[in-house]
């Protein structure tokens, strides 16, 4: 009898072969199986470009924020050369974290709390107390590991796979549509929204990619200016899918809300 993982892999492959007018939802196991999730981590999350922030979050030299990405603690930081980098936060000495996940702010360096090994904004080891007494110790060869990072439309993307193809060429067709994410010159990040989704990641993706729920969950808000009845814009390429509900910009939302409230 085939294993649960074998069945799930076969099932999702078969779903891709179904006619467009005969769609079917994924099996429950695609959302609940730990083995299937582990497979996704290895084949998707550790190999694909993932958006982790916006350049307006780190506008100045020394600005940083740290995250935990599939068990890899990282810090996104703007260096003295104005370049934004994704660095491991694991000290190269005794593996303590030089920045805890969720930390943010501005720093001149990152200091390990265990033995105070100090790293520059580029990840290079700057000082290691008393280690100069060891004749074979060479700080120039020690630095926090750096992961691949690309800026696309002012969004910060990282990839844990050194062999993955570059991001930008894969999204050329989306440049114009996604240009809205480019921040204005001199603009600042006014507010940040950070939330942990208590469920499988596909549930969140599927919810955000469809406007079908506007007429139910958001009938008194989003549905008023982005009505589900206008869902016609579905475009896709080899590496991406874009689904957008058109906005009725001319509609007076305030007036509609007041009339429905009466």
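Listing for the model above:
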item	result
Scope region 202-220; condition within 19 Å of residue 51 (Cβ to Cβ) and free of Cβ contacts under 8 Å to residues at least 24 places away in the same chain; matching residues	204, 205, 206, 207, 208
Qualifying position, being within 30 Å of residue 139 (Cβ to Cβ) and over 23 Å from the mean Cα position of the chain (by Cα), among 63, 4, 81	81
Residues (surrounded by fewer than 18 Cβ atoms within 10 Å (Cβ to Cβ) and out of contact with any strand residue (DSSP E or B) (no Cβ under 7 Å at 6 or more places or on another chain)) located in region 152-161	161
Number of positions in region 114-143 that are surrounded by fewer than 11 Cβ atoms within 10 Å (Cβ to Cβ) and within 32 Å of the chain's Cα centre (by Cα)	2
Helices (runs of 4 or more DSSP H) wholly inside region 159-226 that include at least 3 residues being more than 19 Å from the chain's Cα centre (by Cα)	214-217, 222-225
Some residue of region 47-55 being part of a helix (DSSP H, G or I), touching a residue at least 40 places away in the same chain (Cβ under 8 Å) and not assigned by TED's automatic domain parsing to the domain that holds residue 114	no
Of all residues in region 8-29 being assigned to a loop (DSSP other than H, G, I, E, B) and surrounded by 10 or more Cβ atoms within 10 Å (Cβ to Cβ), the one that is modelled with the lowest pLDDT	18
Extreme residue, nearest to residue 85 (Cα to Cα), among residues of region 118-136 that are in a loop (DSSP other than H, G, I, E, B) and at pLDDT below 90	128
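The values are calculated or read from the model by the stated rules, or taken from the named source; none is laboratory data. What you are looking at is a predicted structure, and each value in this text was computed from that prediction instead of being measured. Quick reminder, even Gly has a Cβ in these numbers, built from the backbone with ideal geometry, and neighbours come from all protein chains shown.
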